[in-house]
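Notes for the one structure printed next.
The values are calculated or read from the model by the stated rules, or taken from the named source; none is laboratory data. Everything numeric here is computed off the predicted structure, so don't read it as measured data. We place every Cβ from the backbone using ideal geometry, glycine too, and count neighbours over all the protein chains shown. Surface accessibility is based on the protein's heavy atoms, side chains included, excluding ligands, DNA and RNA. Shrake-Rupley method; radii C 1.70, N 1.55, O 1.52, S 1.80 Å.
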Amino acid sequence: MVGDDAQAIYGFRAATVRNILDFPGQFDPPAAIVTLERNYRSTQPILAASNAVIGLARERFTKNLHSHRGAGERPALVSVLDDIGQVGCVVGTILENREAGVPLKEQAVLFRTAHHSAMLEIELTRRNIPFVKFGGLKFIEAAHVKDMLAVLRWAENPADRVTGFRVVQMLDGIGPATAGKVLGRISGRALVDALATFSPPAKASTAWRDLVALMQRLHGNAAGWPAEFDLVRQWYQPHLEQRYPDAVVRAGDLEQLQRIARATTRVPTSSPI
């Protein structure tokens, strides 16, 4: 059997580290243990930190990772207050490295799972810092995230026909032809007035009234941020369930986006150790 007791992380697959730790004792005499300690990827300072962390385990197979790549910068431990502070620290470091002559394409941020990158992706996009994501679709390029942002953008800029075209067609019963008629009525008119006086297809009448009510609240900026995002999130939920078979999974992304919206009302802080 080949396994690593220090990386038994897949509990969601019903895996348990006991499958590895208890294995030798299931035989008489006990199975021999051969440790694979040479690392070909990392430098020794990184492995030294890894060994220190692994050594804290209450129960483990003893091993001491080592590498012939001895030289290298020591890893740093940074303490922050929250996710916003973490993003601020990472983006600040990226920009500092670039000013020091390290190109952006030679810098990377690693995550355990793809959805952990959402807040950083949004901040990099906000600051016009180009990036490439490997191992999944960019967070803001997911269809359901685009849907949410489109509603907010259209309320902010009714002249954005592309965004408005997307929003109107979220309603069941409205296709490209009807969406085109809606946008044609908006030219030179207030968005809310144009929507309120439009007669949608009967199938979309109830959903249309809900959209008009939402735009009335958003267009006046009465709710404020992040309450405006919460309003859109509530309005979008039934459309999410209707448009996507995996709505439950996608709802998790929107909850993450909602937390980001709430967090952006605070100032990023970080405190290096």
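Just checking, does the stretch 182-192 include any residue being in contact with an Asp or Glu (Cβ under 9 Å, 6 or more places away or on another chain), surrounded by fewer than 13 Cβ atoms within 10 Å (Cβ to Cβ) and more than 26 Å from LEU257 (Cα to Cα)? Checked against the condition, which is being in contact with an Asp or Glu (Cβ under 9 Å, 6 or more places away or on another chain), surrounded by fewer than 13 Cβ atoms within 10 Å (Cβ to Cβ) and more than 26 Å from LEU257 (Cα to Cα), the stretch 182-192 yields no hits at all.
If you go through the stretch 193-216 and keep only what is part of a helix (DSSP H, G or I), surrounded by fewer than 18 Cβ atoms within 10 Å (Cβ to Cβ) and of a type outside the set (A, V, I, L, M), you end up with ASP193, LYS203, SER205, THR206, ARG209, ASP210, GLN216. Restricted to the stretch 19-127, the set of helices (runs of 4 or more DSSP H) holding at least 3 residues that are over 22 Å from VAL2 (Cβ atoms) and touching a residue at least 60 places away in the same chain (Cβ under 8 Å) comprises 83-99, 118-126. Return a yes/no flag: does the stretch 4-25 have any residue that is open to solvent by 100 Å² or more (accessible area, probe 1.4 Å) and aliphatic (A, V, I, L, M). Scanning the stretch 4-25 turns up no residue that is open to solvent by 100 Å² or more (accessible area, probe 1.4 Å) and aliphatic (A, V, I, L, M).
The residue that is nearest to ARG262 (Cα to Cα), counting only those in the stretch 62-108 that are over 26 Å from the mean Cα position of the chain (by Cα) and of a type in the set (Lys, Arg), is ARG74. Within the stretch 114-144, being in contact with a helix residue (DSSP H, G or I) (Cβ under 7 Å, 6 or more places away or on another chain) and aromatic (Phe, Trp, Tyr) holds for PHE131, PHE139.
Search the stretch 238-253 for residues that are surrounded by 15 or more Cβ atoms within 10 Å (Cβ to Cβ) and pair each with any residue that is of a type in the set (Lys, Arg) when their beta-carbon atoms are under 7 Å apart and the residues are at least 6 apart or on different chains. What qualifies is LEU240/ARG250; TYR244/ARG250. Any idea how many residues of the stretch 106-162 are over 30 Å from ALA190 (Cβ atoms), of a type in the set (D, E, K, R) and open to solvent by 30 Å² or more (accessible area, probe 1.4 Å)? Qualifying residue count, the stretch 106-162: 7.
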